[in-house]
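The values are calculated or read from the model by the stated rules, or taken from the named source; none is laboratory data. Bear in mind that the values here come from a model prediction, so they are computed numbers and not experimental data. As a convention, Cβ positions derive from the backbone with ideal geometry for all residues, glycine included, and neighbour counts pool all protein chains shown.
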Amino acid sequence: MMKRYLTLLICVTLLFSMVSSSMAATVFGGEVDFGYDIHRSLTYGYAKLIADNRINDGLTAHIAFDFDTIEKQGMCDEAWAELYNRYSTVRVGYWHFDVKGDVRVLSPVTISGQTVTAKAEIQQNCQLRIDIPVSEEISLMGFLTQQPAEEEFLYAGGASYEGDIWGAEAIYIKYDSSIGADPAIAVNAYLIPFDSTKAYLHYGLSQDRYGLDGKPDENNPVTERKSAIFGISYDSFDLPVYFRGEVNLYKGLYDDGNTPWGLVIGYKFRNGAKLQYDRYVHPYGVDHNTDIIKLIVCF
């Protein structure tokens, strides 16, 4: 696995270096977080470095690295190239492909099953995505990747409408395997009733099937995973205060657990820094809850 990550990283690095003589300067950006997790009594640190390179009018390369002190993970977070024209946009590489719409605080339990298609976020060594605009508001999407262990394909397809006041999308995900097959669907929608204010909804459904040839039986019934997340966010250029709140109407596999909800409240300083409080109530119990106060510096 690490060899594949290293190979991908080397390829993208070479891409940046080879085209450097005939392109504008690479644009660097990133984020550094310093915080304290009140619930776990732990200091928190996160850093991300991003490099974007617009090679020409129709080709962009992107690479990002991140590190999290709590999860103890540091790696190449994204590495992809994107080719675009008036008829389509094609992206190839390694990045976070998710189907959760505007959800940023909670992790949809439905699309977080045991198998890969049930996840709300997919990230494999090599992925392909094609977006085709039908009109200014309507577009079609196709996605393809291969699971490294099983060597089976995963497909996704969807359609979306994105307007100034409201928008919606529907996505279907299918794992190309007869055993453990678990097609998943996701529906996302948003409404902007006022300037800087957005209300949004995510609904997801997936099925785990572990019977013979993927057919349920007495010992292997179908397990459904659902999520219905409602959220609202406010972020204005005129005011320094911003917030986001989300609640999941489904508790996942633990019916006696907590109702999952999360809250983000922050204050923006003029120098690009933000002071933010994150609160997350996990359905599996208080041991998984999160209370983090952090200083975020973007550059």
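Here's the yes/no breakdown for (1) on the phi > 0 side of the Ramachandran plot; (2) modelled with pLDDT under 90; (3) surrounded by fewer than 18 Cβ atoms within 10 Å (Cβ to Cβ):
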{"position": "93", "(1), (2), (3)": "yes, no, no"}
{"position": "115", "(1), (2), (3)": "no, yes, no"}
{"position": "119", "(1), (2), (3)": "no, yes, no"}
{"position": "126", "(1), (2), (3)": "no, yes, yes"}
{"position": "129", "(1), (2), (3)": "no, no, no"}
{"position": "133", "(1), (2), (3)": "no, no, yes"}
{"position": "157", "(1), (2), (3)": "no, no, yes"}
{"position": "171", "(1), (2), (3)": "no, no, no"}
{"position": "181", "(1), (2), (3)": "no, yes, no"}
Output the residues belonging to segment 55-74 that are more than 20 Å from residue 299 (Cα to Cα), in a strand (DSSP E or B) and modelled with pLDDT under 90.
55, 56, 73
For the condition at pLDDT 85 or above, of a type outside the set (Gly, Ala, Ser) and part of a strand (DSSP E or B), what is the one hit in 102, 52?
52
Being of a type in the set (S, T, N, Q), at pLDDT 95 or above and surrounded by fewer than 20 Cβ atoms within 10 Å (Cβ to Cβ): is that true of residue 223 here?
no
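Would you point out the residue of segment 222-248, among those that are assigned to a strand (DSSP E or B) and aromatic (Phe, Trp, Tyr), that is nearest to the chain's Cα centre (by Cα)?
Selected residue: 230.
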Any residue in segment 257-278 that is closer than 13 Å to residue 290 by Cα sitting within a Cβ distance under 6 Å of a residue that is in a strand (DSSP E or B) and aromatic (Phe, Trp, Tyr)? List the pairs, counting only those 6 or more apart or interchain.
262/280
Enumeration of residues in segment 269-288 that are closer than 21 Å to residue 231 by Cα and crowded, with 17+ Cβ neighbours inside 10 Å:
276, 278, 279, 280, 281, 282, 283
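Listed here are the residues, each with its yes/no results for (1) under 26 Å from residue 207 (Cα atoms); (2) touching a His at 6+ places or on another chain (Cβ under 8 Å).
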{"site": "242", "(1), (2)": "no, no"}
{"site": "259", "(1), (2)": "yes, no"}
{"site": "267", "(1), (2)": "no, no"}
{"site": "281", "(1), (2)": "yes, no"}
{"site": "288", "(1), (2)": "yes, yes"}
{"site": "291", "(1), (2)": "no, yes"}
{"site": "296", "(1), (2)": "no, no"}
